[in-house]
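Colleague: For reference, the structure I am asking about is given below.
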Amino acid sequence: MIELEKTYLAKKLPKGLAKCDSKQIVDIYLPANRIHPVLRLRQNGAKYELTKKTPVANNDASRQREQTIVLDGAEFQQLNQLTGKRVSKIRYFYKSGKFTAEIDVFQEDLKGLVLVDFEFSSSAEKEAFVPPDFCLADVTAETFVAGGMICGKKYSDLAVALNKFGYKKLFL
């Protein structure tokens, strides 16, 4: 499956976000010794999966090839024992025009970081997209905010790169 998406740094939290549907997500990226691991073990609410995401073209994070295997709880628990880089976030589903924004509010060591994802059904739809006012900057092509790059890091590790976009910490 090819995933078409854009990722933004949040400028502010949209009104009513706390009342939106949400779920807790824990990602473990494997192997832990890779700078940018692309294999992700995920607890997605009560669902479990193993996903490999790779760019369709070199360094084009806006078009990813995604391969996912659904796991049961026992399989997840077994794989969860592997050493990996972890990240925890709460994903909110916020209706914005005809799109649903997936707003990731990071927890623990990345507290203060908020990313907004939009998925598209076609390249034309993606190209015509105008982000809502709660989006600060398009960081789709920025590897420093890729899941495999932020896992295992602290907010302070990302601060210099975030400051280049004028990003300010956000809390819900």
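Colleague: Mind checking which of G166, N80, P132 is farthest towards the positive end of the chain's charge dipole, using Cβ charges of +1 (Lys, Arg) and -1 (Asp, Glu) about the Cα centre?
Modeller: Farthest towards the positive pole: G166.
Colleague: Okay, moving on. Place a +1 charge on the Cβ of each Lys and Arg in the chain and a -1 charge on the Cβ of each Asp and Glu, then give the dipole magnitude about the Cα centre in debye, rounded to the nearest 20.
Modeller: 500 debye
Colleague: Can you give me the Kirkwood hydrodynamic radius for the chain, using every pair of distinct Cα atoms, in Å to one decimal?
Modeller: By the Kirkwood definition, the hydrodynamic radius is 16.6 Å.
Colleague: Kirkwood Rh over Cα pairs of the stretch 96-156 into Stokes-Einstein at 10 °C, 1.306 mPa s: D in µm²/s?
Modeller: For these conditions, the coefficient is 121 µm²/s.
Colleague: Then there's this: Is it possible to state the helix-based mean residue ellipticity at 222 nm for the chain, with each DSSP H run of 4+ residues giving -39500 (n - 2.57), the sum divided by total residues, to the nearest 500 deg cm²/dmol? What is it?
Modeller: Rounded to the nearest 500, it is -3500 deg cm²/dmol.
Colleague: When the Karplus curve 6.51 cos²θ - 1.76 cosθ + 1.60 is applied with θ = phi - 60°, which whole-Hz ³J(HN,Hα) does each residue of the stretch 39-46 get, with x for Gly and Pro?
Modeller: Karplus-based 3J(HN,Hα) across the stretch 39-46 equals 9, 10, 9, 10, 9, 10, x, 9 Hz.
Colleague: Whole angstrom only: what separates the Cα centroid of the stretch 19-59 from the Cα centroid of the stretch 72-98?
Modeller: 6 Å
Colleague: Which one of A57, V145, A46 is farthest out on the positive end of the charge dipole of the chain, using unit charges on Cβ (Lys, Arg +1; Asp, Glu -1) and the Cα centre as origin?
Modeller: Ranked along the dipole, the leading option is V145.
Colleague: Holding the Cα-Cα limit at 22 Å, pick out from K85/K168; K53/K126; K6/K164; K126/K154; K12/K47; K19/K126 the pairs that are longer than that.
Modeller: K85/K168; K126/K154; K12/K47; K19/K126
Colleague: If you don't mind, there's one more thing I want to ask. For a label point 7 Å from the Cα of Q67 along Cα→C-beta, name the residues of the stretch 31-56 whose backbone N is under 15 Å from it.
Modeller: Residues passing the 15 Å test: 31, 38-41, 50-56.
Colleague: Run the simple label-point estimate for R86 and E119 please: 7 Å along Cα→C-beta, distance reported in nm.
Modeller: Reported label-point gap for R86 and E119 is 2.6 nm.
Colleague: OK, next. What does the C-alpha gyration tensor say about the overall shape of the stretch 1-102? Classify as rounded when a/c is under 1.5, otherwise prolate if a/b is larger than b/c, or oblate.
Modeller: Judged from the Cα gyration tensor, the stretch 1-102 comes out oblate (a/c at least 1.5, b/c at or above a/b).
Colleague: Which aspartates and glutamates does K153 reach when only Cα atoms under 14 Å apart count, and residues fewer than 8 places away in its own chain are ignored?
Modeller: D27, E108, D109
Bear in mind these aren't lab numbers, they're just calculated from the coordinates by the rules spelled out. Keep in mind that this is a model prediction, so the values were computed, not measured. So basically every Cβ, Gly included, is an ideal-geometry build from the backbone, and we count neighbours across all protein chains shown.
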